[in-house]
Structure formats: structure tokens, C-alpha cells
Amino acid sequence: MPRTGTLLSRAVKYTGRIFQLEVDRVTLPSGHTLDMEIVRHPGSVVLLPVPAPGLIILIRQYRYAIDRWIWELPAGTLKPGEDPSAAAARECEEEIGLVPHRVTRLNGYFPTPGFCDEEMTYCRCEDLRPPAADSTVRKDEDEDIEPKTFTLAEARALVTSGEIVDLKTLAGLALVE
């Protein structure tokens, strides 16, 4: 019995700005053959912006898919071929207005491996400084973001209160001390 699935055919059903939807006809390691819907995503970075020990910067952002404002860790989609550490530095400046002079790449995790191949790579961003005066980095046009610094205890209390509801942030808070 094969240890991995065997791709028999692939049909691209939708290509959008952020992801692509495919239907793959596969034979699974169990021998069963079936169609699998897969969301193909280029991957993303999740930032752990640490301005000082015991502190974390979160952003408050409106999320249309759930129709509410939430506190979360800054994050962004990788550009084709982009190194996650470089993407973390770019996203840090875009979303919180600070440039990290030290980026430490941590682990990558798959938030929904049952139907999506997105890998979220976590990066600790430290030694945060204002951007250069001639910086051309700007927020994406669909972003209305409010950054705020919290103690780790305050950030974790937002999980309990229901103000942090996304799993990338919950996982990220477990990675920072």
C-alpha cells in the first residue's frame, strides 16, 4: 500500500487574489479513490511583535468573513518566492508601523490541513524601530488596523473574554514567553 496519495487528475475551479480552489481526483494510501477539494494558498507569516520582554503588540481589525472587529496577531500572505523572515519584516512595518531589526523564524503550522495547504510561519519580531523617513511601505487598501501593546497576561485575558477568537493568535500566544 502506498504511503502517500496518488494524484489521478486535477481541475482548477477558481483562482482568486489570495487562493486557488482545485478538485483533485486521488487514490488515498488506504486504496480509496475519491475527489478532494483543496484550497491552495501561498502561505503566510504570523508576527510575534515583542517591543520589550513580557509585552506583545496586537492589532484590532475588522474581519468581514465573521462580521466583527477582533484583536489578533499581525499576519500576511507570502508573495511568490518570498522568504518568510523578509515577509515578516514587511508585514510588521505595514501593519504596526515599526521595523524589526531582529526577526527569528519559529515553526510553521497548518491551520486547516483537511482542505487547505496554507502553512503559517511564525516569526518573533524584536528590536522594533520607526521606519526610515523615505520608506514606501503602506498598509493594504483593505486594512483598517489599530495596533496596541499589551502585556502577555492582558493578551491572554482577551482569549478568555472572547475578544481573541482566531486560532493563529491563540497558537502564537502559546509561543511567546
Residue among Pro131, Pro113 that alone is part of a loop (DSSP other than H, G, I, E, B) and more than 22 Å from Lys148 (Cα to Cα): Pro113
Residue match in region 121-144 (condition: hydroxyl-bearing (Ser, Thr, Tyr) and more than 14 Å from the chain's Cα centre (by Cα)): yes
Elements of type strands (runs of 3 or more DSSP E) contained in region 1-101, each with 2 or more residues being touching a residue at least 24 places away in the same chain (Cβ under 8 Å) and within 19 Å of Leu173 (Cα to Cα): 44-49, 55-63, 68-72, 75-77
Test: Ile56 is surrounded by 10 or more Cβ atoms within 10 Å (Cβ to Cβ), under 17 Å from the mean Cα position of the chain (by Cα), at pLDDT 95 or above and within 24 Å of Gly76 (Cα to Cα): yes
Failed item in (1) more than 17 Å from the chain's Cα centre (by Cα); (2) surrounded by fewer than 12 Cβ atoms within 10 Å (Cβ to Cβ); (3) farther than 26 Å from Val165 by Cβ, with Arg68 passing the rest: (3)
Residues that are without any contact (Cβ under 8 Å) to a residue 40 or more places away in the chain and assigned to a loop (DSSP other than H, G, I, E, B), drawn from region 148-177: Gly162, Glu177
Complete set of residues in region 77-111 that are surrounded by 17 or more Cβ atoms within 10 Å (Cβ to Cβ) and among the polar types (S, T, N, Q): Thr77
Residue tally, condition under 30 Å from Asp24 (Cβ atoms) and of a type outside the set (Ser, Thr, Tyr), over region 39-76: 12
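The values are calculated or read from the model by the stated rules, or taken from the named source; none is laboratory data. What you are looking at is a predicted structure, and each value in this text was computed from that prediction instead of being measured. Methodologically, a virtual Cβ is constructed for each residue, glycine included, from the backbone with ideal geometry; neighbour enumeration extends over all protein chains shown.
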